[in-house]
Amino acid sequence: MAMSTFYETVIGGVTFQGLMSADGPAIALASGRSAPLGRAISIRFVSEERDVAERIPASARTLEVETLAEVGEKSWWVVKYRTEPRIDLRGLSDADRRQLAREFGIAIGDEYEDQREALFFGSPAFRGLSRWVHEHPKQARNCSSRDSYLSGWYERALQG
């Protein structure tokens, strides 16, 4: 694992990493696709949102709407803010998606809407983040202000 990678797991033949990004702790694929962990992320079946996006004239589309319209077939994704598909989960089974949700503390759909940060703090990925903070104290301290989506992660990891 790279020095900024704090967690790694293989689910359904796909390697998922927990890593430190410009936004703080994130989930990522080797391809570079990523999403910030915490309150803005969930696992969703992108269908209704995509249908709405396709009805918006191209000249009026935001980047997020454009991304939704280009998703292709309706499928499962790790999404940011319900409308920004970030990581395609098409190849994963239902059991694989549930395992991914447990490993990284990610809600599926609208479940746990008000507890998204707490889900992460109880996950194996958070335990990996805590180890990383203790093993790389200087780098972790330098990243500690990156908490837009997961407030208090650094302090919580220090306690872990």
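The values are calculated or read from the model by the stated rules, or taken from the named source; none is laboratory data. Computed from a predicted structure; not experimentally measured. Every residue, glycine among them, receives a Cβ derived from its backbone with ideal geometry; neighbour counts consider all protein chains shown.
Looking at the range 123-141, which of its residues are closer than 11 Å to Y154 by Cα and in contact with a helix residue (DSSP H, G or I) (Cβ under 6 Å, 6 or more places away or on another chain)?
F126, L129, S130, V133, A140
Taking T83, is it at pLDDT 95 or above and among the polar types (S, T, N, Q)? Outline the logic, then answer.
Numbers: at pLDDT 95 or above: no; among the polar types (S, T, N, Q): yes.
No, not satisfied.
State all residues of the range 92-120 that are of a type in the set (K, R) and modelled with pLDDT under 95; if no residue qualifies, say none. Step through it out loud before you land on a result.
Within the range 92-120, the subset of a type in the set (K, R) is 97-98, 102, 116.
Hit for the range 92-120 is R116, nothing else.
Could you pull out every one of the strands (runs of 3 or more DSSP E) wholly within the range 6-75 that has 3 or more residues that are modelled with pLDDT of 55 or more and among the hydrophobic types (A, V, I, L, M, F, W, C)?
Numbers: elements: 14-21, 24-29, 34-36, 41-46.
In the range 6-75, 14-21, 24-29, 41-46 are the strands (runs of 3 or more DSSP E) which contain 3 or more residues that are modelled with pLDDT of 55 or more and among the hydrophobic types (A, V, I, L, M, F, W, C).
Can you report the number of residues in the range 136-151 which are part of a loop (DSSP other than H, G, I, E, B), in contact (Cβ under 8 Å) with a residue 12 or more places away in the chain and within 16 Å of A22 (Cα to Cα)?
Of the residues in the range 136-151, 6 are part of a loop (DSSP other than H, G, I, E, B), in contact (Cβ under 8 Å) with a residue 12 or more places away in the chain and within 16 Å of A22 (Cα to Cα).
For the list (1) surrounded by fewer than 16 Cβ atoms within 10 Å (Cβ to Cβ); (2) assigned to a loop (DSSP other than H, G, I, E, B), I need the number of the one condition that L158 fails.
Checking L158 against (1) surrounded by fewer than 16 Cβ atoms within 10 Å (Cβ to Cβ); (2) assigned to a loop (DSSP other than H, G, I, E, B), the one that fails is (2).
Name the single residue, out of those in the range 1-41 being within 20 Å of K138 (Cβ to Cβ) and of a type in the set (F, W, Y), that is surrounded by the fewest Cβ atoms within 10 Å (Cβ to Cβ).
Ranking the qualifying residues of the range 1-41, first place goes to Y7.
Among what's in the range 94-127 and is part of a loop (DSSP other than H, G, I, E, B) and at negative phi, pick the residue that is surrounded by the most Cβ atoms within 10 Å (Cβ to Cβ).
Per the stated criteria, the residue is I106.
For the subset of the range 128-141 comprising residues that are under 11 Å from Y7 (Cβ atoms) and small (G, A, S), which member is surrounded by the most Cβ atoms within 10 Å (Cβ to Cβ)? Walk me through how you get there before you give the answer.
Going through the range 128-141, the residues under 11 Å from Y7 (Cβ atoms) turn out to be 128-132.
Still in the running and small (G, A, S): 128, 130.
Values: G128: 22, S130: 19.
This residue is G128.
Residues to consider are R90, R98, R116; find the one that is over 16 Å from A35 (Cα atoms), of a type outside the set (A, V, I, L, M, F, W, C) and out of contact with any Phe, Trp or Tyr (no Cβ under 8 Å at 6 or more places or on another chain). So that I can check it myself, show each step before the final result.
Working: R90 fails: out of contact with any Phe, Trp or Tyr (no Cβ under 8 Å at 6 or more places or on another chain); R116 fails: over 16 Å from A35 (Cα atoms).
That would be R98, the only listed residue that is over 16 Å from A35 (Cα atoms), of a type outside the set (A, V, I, L, M, F, W, C) and out of contact with any Phe, Trp or Tyr (no Cβ under 8 Å at 6 or more places or on another chain).
Return only the number of the condition from (1) in a loop (DSSP other than H, G, I, E, B); (2) within 16 Å of L19 (Cα to Cα); (3) in contact with a strand residue (DSSP E or B) (Cβ under 7 Å, 6 or more places away or on another chain) that G91 does not satisfy.
Of (1) in a loop (DSSP other than H, G, I, E, B); (2) within 16 Å of L19 (Cα to Cα); (3) in contact with a strand residue (DSSP E or B) (Cβ under 7 Å, 6 or more places away or on another chain), only one is false for G91: (2).
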